[in-house]
Amino acid sequence: MTLVTIITPSLNQGAYLEQTIRSVLDQDHEQIQYLVVDGGSADGSVEIIRRYASKLDWWVSEPDLGQADAINKGLARARGEVVAWINSDDYYLPGAIAEAVRGLESRPGVALLYGDMLAVDEHGDVTNLFRYPQISLEDLLSFHIIGQPSVFLRRSAVEKAGRLDPTFHLLLDHQLWIRVALQGELFHCPKILAAARFHPAAKNRARAPEFGGEAFRIVDWAAQHNDLASALAGVNARARAAAYRVQARYLLDAGEPQGALQAWFRALAMHPATALARLNILAFAFLDVLGLGGVRRAWLHRRRAALSGYGAQR
C-alpha cells in the first residue's frame, strides 16, 4: 500500500488544530506518516498535539522562519511516495487520502493531483464550494488558483522541483505547483477532498493586500526561469493581467474597493478576457464604493444557505 506523508504546519491555531489532526488520523487509508510542525505556539496548541503524540510519527514545537520553513522541515523527514500538507485551520474530508492515492496510482505520469474544495468560516459553516477545471502549466502561470488543502504531490516530483521557497509567504504553494508541473502531469480529481477555513486571522484575510505583490513576483521569476520562460512568453499578457486580477480580488476582500477597481481595470487593459472572466469583482467593488456593500453580503448569505447541505460531509 502506498505510504502518504501528511504535514501540518501550525502556529497559534489551537481553536482549529484538533479538528485538523482528527481529519488526518480518521482517514481510512492505513499507511500515513503524519508529521506536525508547530512554530512555538503559546495558545494551548502544544497541549493538543501532546494528546495525540502517540499517533503521530513526529512532531516538534520550536520557532521557525514561517510556514514554508515549517513545511520544509516536514518534507525533509517525508518517507511517503505521496506528500501533502494540511494547515492547522483546514481539514480533510473522509476518504480524501484514499481517493487521492487511487488517482495517483492509476496515473503514473501525474506529478500533482488536486480535488475540489469547500470553504468554511470560523464556525465551520460552509460558505463556498470550489469546483476546479482541468488545468495546465500555462493556466498556473496565469493564476488559475487551486485550493492547497486539496493538493497531493508525488514526493519524487517535489525532490526534483525543490522544496518551498521561504521568501514567499502567501502564494508559496502556487509557486511550488508551477515548479512541480515541470516534472509531470497535473490531474483534477472531481471529488471534494478538503475544506479551507476563511477566518479573520487567516492570511487570506489578514494579509490580503499583499497577495498581488507576490503574484507579480511569480511572473517576474518565471520570466527568468530557463524552463518556464518559453511557456510564459506564450501567455505573458494573460499572466500579467491575471496578477492584477489576483490583486483586485484580495483588495476587495480586504475592504479596499477603490484599489480593487484600479487593479481590475489594469487587467482589462492588458488582457480583456482575463478581467471579464471575473466581472463579479468589478460589480462588487462598484457596489462597495457606492456604499451598497449590503448587496454583496446578501448574495453571500444566499450562497451560504444554498451550500448548507455540504456541511454534512465533514
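The values are calculated or read from the model by the stated rules, or taken from the named source; none is laboratory data. Keep in mind the model is a prediction, meaning the values are calculated, not measured. Don't worry about glycine lacking a Cβ; one is built from the backbone with ideal geometry, like all the others, and counts go over all protein chains shown.
In region 229-275, which residues are of a type in the set (A, V, I, L, M, F, W, C) and surrounded by fewer than 19 Cβ atoms within 10 Å (Cβ to Cβ)? Residues satisfying the conditions are 229, 233, 237, 254, 265, 268, 269, 273.
Looking only at residues of region 147-164 that are touching a Leu at 6+ places or on another chain (Cβ under 9 Å) and of a type in the set (Gly, Ala, Ser), we find that the one that is surrounded by the most Cβ atoms within 10 Å (Cβ to Cβ) is 150. On the given criteria, is residue 44 more than 15 Å from residue 155 (Cβ to Cβ) and either of a type in the set (Asp, Glu) or touching a helix residue (DSSP H, G or I) at 6+ places or on another chain (Cβ under 8 Å) (or both)? Considered against the rule, which asks whether it is more than 15 Å from residue 155 (Cβ to Cβ) and either of a type in the set (Asp, Glu) or touching a helix residue (DSSP H, G or I) at 6+ places or on another chain (Cβ under 8 Å) (or both), residue 44 comes out as yes. Touching a residue at least 12 places away in the same chain (Cβ under 8 Å), among the hydrophobic types (A, V, I, L, M, F, W, C) and in contact with a Leu (Cβ under 6 Å, 6 or more places away or on another chain): is that true of residue 260 in this structure? Here the answer is yes, as residue 260 does meet what is asked.
Please go through region 81-91 and give me each residue that is over 21 Å from residue 200 (Cα atoms) and crowded, with 21+ Cβ neighbours inside 10 Å, ordered by number. Lay out the reasoning, then the answer.
Taking region 81-91 as the starting set, the residues that turn out to be over 21 Å from residue 200 (Cα atoms) are 81-85.
If the condition is that a residue be over 21 Å from residue 200 (Cα atoms) and crowded, with 21+ Cβ neighbours inside 10 Å, then 82, 83, 84, 85 are the ones that fit.
Just one of the listed residues (194, 215, 208, 161) is touching a strand residue (DSSP E or B) at 6+ places or on another chain (Cβ under 7 Å) and small (Gly, Ala, Ser), and it is 194.
Considering region 222-262, and only residues there that are over 23 Å from residue 279 (Cβ atoms) and not in a helix (DSSP H, G or I), the residue that is farthest from the chain's Cα centre (by Cα) turns out to be 226.
For every residue, the table says whether it meets (1) of a type outside the set (A, V, I, L, M, F, W, C); (2) under 24 Å from residue 202 (Cβ atoms); (3) modelled with pLDDT of 90 or more.
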residue	(1), (2), (3)
239	no, no, yes
246	no, yes, yes
259	yes, yes, yes
284	no, yes, yes
300	no, yes, no
304	yes, yes, no
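Screening residue 88 on (1) assigned to a loop (DSSP other than H, G, I, E, B); (2) under 14 Å from residue 155 (Cβ atoms) shows it passes everything except condition (2). For residue 108, the conditions (1) of a type outside the set (S, T, N, Q); (2) more than 16 Å from the chain's Cα centre (by Cα); (3) buried (at least 21 other Cβ atoms within 10 Å of the Cβ); (4) farther than 28 Å from residue 17 by Cα all hold with the exception of (3).
Residue under question is residue 239, and the condition is that it be among the aliphatic types (A, V, I, L, M), under 27 Å from residue 160 (Cα atoms) and touching a Ser or Thr at 6+ places or on another chain (Cβ under 7 Å); does it hold? For residue 239, the condition - among the aliphatic types (A, V, I, L, M), under 27 Å from residue 160 (Cα atoms) and touching a Ser or Thr at 6+ places or on another chain (Cβ under 7 Å) - is met. Screening 182, 186, 140, 129 for residues that are buried (at least 22 other Cβ atoms within 10 Å of the Cβ) and modelled with pLDDT of 95 or more leaves exactly one candidate, 140. Among the residues of this structure, residue 98 does not count as one that is among the aliphatic types (A, V, I, L, M), assigned by TED's automatic domain parsing to the domain that holds residue 32 and crowded, with 21+ Cβ neighbours inside 10 Å.
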